[in-house]
């Protein structure tokens, strides 16, 4: 399927378009955060104030505007998930390509490495590595990326296995095209669909992991993120307190869910467009 | 069969060994000093040195590693830095609580997920399937703290009908009252884990059921005049269950140590929370023990999964060859 027909078909998928719009919106909010809101720091006057004209999503226990925190949190989420996807792709795609193309020993070895990594308990490992790497936002992104490459490698490998049997690859091989060129040009361009689908899913899970690490206190304590807002709300007992500052923990949760759902919907929509028969 | 098992066990031991080594050196990379976490500022330099020596932390890392391996061979998993408990005792105390959550949430997930997945696959893109699609989409996207917060807010704060944390009300009651108390405490964490587990069971069952229904032998069965129920039960289900069983195996090994967030939020005294506490206090022996335990259970569960698959699917010859 070429690009033009892909976009024509994709545009007919209303849910997928909605997912795309929300994803783009959140990315735009993240990039434009300095223009949209002042970086929340210090203390405000109204503590745990409910949503009002001045603070649309209320304030936290320091009187800071929850909406500004969420806007700046979007910046962190976008940055961390992009970082994670880049790392995962840098490791997973080449390994998948190589193991799918060279089927013998090399492929088998890489495949068993993928297998081992896929059965590893991710969250405990992520926590330990996050503790080693230290809690800067960039490190968190890299840690998540390093631990999310196996599924990407698996998808790349399976797609490569199928593609490398195709006649045009056979032809390039007999024409003497170099192996790197066959791998990274001919094969990669042909399997970009399934790889893209998996990348959007990695984006989604990366935000879940990042929020989880921040929530557990292993994120960057000096950079606002959705998980950090939730951690602060949780630590101050906001959940079981009367009167309950619902806005404080509800809005960041909604932000996380919206981001993850949109990326998952987007991934599904790309998949449906590429393979209309499977769903 | 016997030969196959021996080979699997040997490979499993190798995996555990690699994981022990990996964890040991990984933990030594943490740029902080575990001794500084154990000591009191009031302690004299002498006491600190004595303590460092007591835990063997004054020796070179490689020596520490071999000492550790030697201890393991004698069945000694080490002593916690934090409260001087034996790691084995500590983990064995936490294990039943993790197993309780795991058992409840996984069996519920299987009980509900498999029938739902089958029904969704029956009429693909029908009304039921589309509803399931929406539910699973939310299920894979859910953030555990969000789900827990909503449940806590609703049942613990607004309705006040369920406890909000811990595994029982201290002091522990006796007999039946204790069981009821524990179960009441387990409701929310179980449900929290159930959502994610059930979602993946539904997805695996649905997708493999759809694949199986395309097979020739299913059409043959219909052609023989058997009705849908019979074909589903007797022919399709067994094959369709294979990915679900594999997924359940992986799910169980992850849950052994993966319920960190759930256990932390509900103050549930399980392995996950123990791992998290050990990371925050740099309690190397506990972490090493926990990771050793996790890799060992993963290996055992993988072997069990293969045995179950071989039992269900006669084509699977243990040892990898397919007839």
Whole-angstrom Cα spans of the protein assembly as shown along principal axes, big to small: 78, 68, 61
Along the principal axes of its C-alpha atoms, what lengths does segment B:81-141 span, in descending order and rounded to whole Å? 59, 22, 10
Take peptide B:144-157, look around each residue's Cβ out to 10 angstrom, count Cβ atoms belonging to other protein chains, and average those counts. 5
With eigenvalues of the C-alpha gyration tensor scaled by 5 and rooted, chain A, Å: 41, 22, 14
Report, as an integer, the average count of C-beta atoms from other chains found within 10 Å of each Cβ along A:111-118. 1
Evaluated at 20 °C with a viscosity of 1.002 mPa s, what Stokes-Einstein diffusion coefficient in µm²/s does segment A:166-217 have when Rh comes from the Kirkwood expression over alpha-carbon pairs? 159 µm²/s
Which order, highest average first, do A:154-167, B:242-255 follow once you tally other Cβ atoms within 10 Å for each residue and take the mean per peptide? B:242-255, A:154-167
Counting other chain Cβ atoms within 10 Å of each Cβ in A:217-228 and taking the mean gives 1
When the expected Rg is taken as 2.2 N^0.38 Å, what fraction or multiple of it is the alpha-carbon Rg of segment B:18-73? 1.26
So what's the angle, to the nearest 10 degrees on a 0 to 90 scale, between helix B:127-141 and the longest Cα principal axis of chain B? 10 degrees
Segment B:52-162: Kirkwood hydrodynamic radius (Cα pairs, Å) comes out at 19.3 Å
Principal-axis tilt of helix A:246-274 within chain A, Cα atoms, nearest 10 degrees: 20 degrees
Over chain A: helical MRE at 222 nm, DSSP H runs n ≥ 4 each giving -39500 (n - 2.57), nearest 500: -22500 deg cm²/dmol
Quickly rank B:156-162, A:61-67 as a protection proxy: mean count of other C-beta atoms within 10 Å, highest first. A:61-67, B:156-162
Regarding chain B, what are the three Cα extents along the principal axes, ordered largest first, in Å? 86, 58, 39
So, R0 is 35 Å and r is the distance between the beta-carbons of residue B:5 and residue A:106; what FRET efficiency does that work out to, to 0.05? 0.75
Taking the Cα centre of each part, how many Å lie between segment B:277-311 and segment A:194-241? 26 Å
Quickly estimate the mean residue ellipticity at 222 nm for chain B, helices only: each DSSP H run with n ≥ 4 gives -39500 (n - 2.57), and the total goes over all residues, rounded to 500. -24000 deg cm²/dmol
Exposure-ranked with fewest Cβ neighbours within 10 Å first, A:184, B:81 stand as A:184, B:81
Fewest to most neighbouring Cβ within 10 Å: what's the order for A:251, B:226? B:226, A:251
When the expected Rg is taken as 2.2 N^0.38 Å, what fraction or multiple of it is the alpha-carbon Rg of segment A:192-279? 1.37
Note on segment B:182-323: the mean projected area of its alpha-carbon convex hull, in nm², is 11.3 nm²
Let me understand segment A:60-148 better: what is its radius of gyration from the alpha carbons, and its Dmax, in angstrom? 17.5, 62
Inter-part gap, Cα centre of segment A:105-126 to Cα centre of segment B:154-175, in whole angstrom, is 40 Å
Taking every eigenvalue of the Cα gyration tensor of segment A:102-169, multiplying by 5 and rooting it, what semi-axes result, largest first, whole Å? 31, 13, 8
Compute the FRET efficiency between residue B:224 and residue A:32 as 1/(1 + (r/R0)^6), taking r as their Cβ-Cβ distance and R0 = 56 Å, and round to the nearest 0.05. 0.30
Quick one: helix A:137-147 against the long Cα principal axis of chain A, what's the angle to the nearest 10°, folded into 0 to 90? 40 degrees
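Rule-based calculations on the coordinates, nothing more; no lab input. These numbers come from a predicted model, not from an experiment. Glycine also receives a Cβ, built like all others from the backbone with ideal geometry; neighbour counts cover every protein chain displayed.
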